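The values are calculated or read from the model by the stated rules, or taken from the named source; none is laboratory data. The structure displayed is predicted, hence computed values, not measured ones. In this analysis, Cβ positions are derived from the backbone assuming ideal geometry, glycine residues included, and neighbour counts consider all displayed protein chains. Ligands, DNA and RNA are stripped out before the accessible areas are found, and what is left, the full protein with its side chains, is counted by its heavy atoms. Shrake-Rupley method; radii C 1.70, N 1.55, O 1.52, S 1.80 Å.
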Amino acid sequence: MKIEKNCAVTLRYKVCDIAGKVLEQSSEPLAYLHGGYGNLFPKVEQALEGKTSGYQTTLDLSTQDAFGERDESLAQVIQKSDFPPGVKVGGQLQAQGPDGRARMFTVTKIKGQSVMLDGNHPLAGKALRFSLTVTEVRAATEEEIAHGHVHGAHGHHH
Ligand code: ZN
């Protein structure tokens, strides 16, 4: 069947930067509910609309169409003494962002007593190249549509 609103689509994907460096690769296929539920970037859904199982494409997304520009106000420096012992580069913690909402911050650098945190998505500020292969298309169940996501092997687990 063709991909249209309320289809459950399974795909394999690879994300590279525009120079071709691999940033993320699916070890397992990904299943998502198609039709503007916010599960994939709109540009990716547009490219898959009307396609069938076996379709392959490579898609370049601008920064704006992917994770957006970096927000430098989300890069913060905190004193090491404010952390529990064992803070490490690459560690993540939840903290309040400038908008007052909780978000994930990643420790990007530790220099002396200063710990640098970054609340941007690791791929923010980057144009991305997606390579996609559609492996399965089926009609979503009513329950999946009500939840806004796909259940089952490669979908959402409750
Ligand atoms: Zn669900």
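Keeping to segment 119-158, report how many residues are away from the ligand (no atom under 16 Å from the Cβ) and either assigned to a loop (DSSP other than H, G, I, E, B) or not assigned by TED's automatic domain parsing to the domain that holds D60 (or both).
9
Kindly indicate whether any position in segment 90-104 is touching a helix residue (DSSP H, G or I) at 6+ places or on another chain (Cβ under 9 Å) and at pLDDT 90 or above.
For segment 90-104, residues touching a helix residue (DSSP H, G or I) at 6+ places or on another chain (Cβ under 9 Å) and at pLDDT 90 or above: absent.
For F105, are the conditions met, namely being more than 16 Å from the ligand (Cβ to nearest atom) and open to solvent by less than 60 Å² (accessible area, probe 1.4 Å)?
Answer is yes for this residue.
Residues are listed down the side, and each one gets a yes or a no for (1) open to solvent by 20 Å² or more (accessible area, probe 1.4 Å); (2) more than 25 Å from D99 (Cβ to Cβ); (3) aromatic (F, W, Y):
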position	(1), (2), (3)
L117	no, no, no
P122	yes, no, no
G125	yes, no, no
R129	yes, yes, no
V134	no, yes, no
E143	yes, yes, no
H147	yes, yes, no
V150	no, yes, no
A153	yes, yes, no
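Would you point out the residue of segment 25-56, among those that are charged (D, E, K, R) and in contact (Cβ under 8 Å) with a residue 12 or more places away in the chain, that is surrounded by the fewest Cβ atoms within 10 Å (Cβ to Cβ)?
Applying the first criterion (charged (D, E, K, R)) to segment 25-56 yields 28, 43, 45, 49, 51.
Remaining after also requiring in contact (Cβ under 8 Å) with a residue 12 or more places away in the chain: 28, 43, 49, 51.
Numbers: E28: 9, K43: 16, E49: 13, K51: 17.
Residue satisfying both the conditions and the ranking: E28.
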